[in-house]
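The values are calculated or read from the model by the stated rules, or taken from the named source; none is laboratory data. Keep in mind that this is a model prediction, so the values were computed, not measured. Here the Cβ positions follow ideal geometry from the backbone for every residue, glycine too, while neighbour counts run over all protein chains shown.
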């Protein structure tokens, strides 16, 4: 079973809870991802008055969140403590925080529940469509972030292959390098983003073991991003889509990189960047 990384998940869960509170108007939100034990651990709190809910491990099927996970759909109760449609293993923690109306939304990635988000009020009121829609939108946002993390981990695994022992692996590694640089700009977690960029740096250095001690080419990060896309055969339009830029901006970065490298074509720029140890 895959274990969610604490650093990778916490940033994205925190952002999802912030969106849930902002869009729904619910003063309290909390949630977390599935851990290696198979439980959904409450790791992030927003708007709470105590730490009673922090670290709570929700079993699949138990309580409100566990039921939402089993049903793979949102579920809400007006009075958590007296609700006959959920089990009550976690009443003490919910009571300690003074919560009554609570909704739970499962976070589903590739048909597997990866976490649960909650929104709550401190008085018993039936939660309406606005709250439900906001919670679902926050869950969808978190699902997309987890998909990006999955793709990042897949690409990192490619970069760890012993490509030097098998030269035919370098094409796959070079493609992974370009995708990693593009993906890094979309990762919210700074630790994971640094890991992706560090992996890119290691790939570039490993591909140019003969490089001497000459001064490095002063390419800007976005210029390297564009060259990495171009190296995979991407057009300016495709590179723009991958990097979230306008085609005109990509063209400007490419011209700037070519000028710094002292070349006059896209192919020459890629070759020069590889010789300089900027690209693998």
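Annotations for the structure displayed:
- The residues listed here are 146, 127, 64; of these, the one that is part of a loop (DSSP other than H, G, I, E, B), in contact with a strand residue (DSSP E or B) (Cβ under 6 Å, 6 or more places away or on another chain) and in contact (Cβ under 8 Å) with a residue 40 or more places away in the chain is 127.
- Checking the stated criteria, residue 104 turns out to be in the same structural domain as residue 137 (by TED's automatic domain parsing) and either surrounded by fewer than 21 Cβ atoms within 10 Å (Cβ to Cβ) or not in a helix (DSSP H, G or I) (or both).
- Of all residues making up the range 84-99, the number that are part of a loop (DSSP other than H, G, I, E, B) and crowded, with 19+ Cβ neighbours inside 10 Å: 3
- Enumeration of residues in the range 20-47 that are more than 14 Å from residue 117 (Cβ to Cβ) and in contact with a strand residue (DSSP E or B) (Cβ under 6 Å, 6 or more places away or on another chain): 35, 39
- Checked against (1) under 19 Å from residue 177 (Cα atoms); (2) surrounded by 15 or more Cβ atoms within 10 Å (Cβ to Cβ), residue 244 meets all criteria but (2).
- Cβ separations smaller than 8 Å between residues 6+ apart or across chains give no pair from the range 36-47 residues that are within 21 Å of residue 19 (Cβ to Cβ) and outside the structural domain of residue 68 (by TED's automatic domain parsing) to residues that are modelled with pLDDT under 95 and in a loop (DSSP other than H, G, I, E, B).
- There is at least one residue in the range 24-35 that is surrounded by 16 or more Cβ atoms within 10 Å (Cβ to Cβ), assigned by TED's automatic domain parsing to the domain that holds residue 102 and in a loop (DSSP other than H, G, I, E, B).
- Hey, residue 161 modelled with pLDDT under 75, surrounded by fewer than 22 Cβ atoms within 10 Å (Cβ to Cβ) and outside any helix (DSSP H, G or I) or not: yes
- Residue-level check: of (1) buried (at least 18 other Cβ atoms within 10 Å of the Cβ); (2) within 14 Å of residue 118 (Cα to Cα), residue 73 misses just (1).
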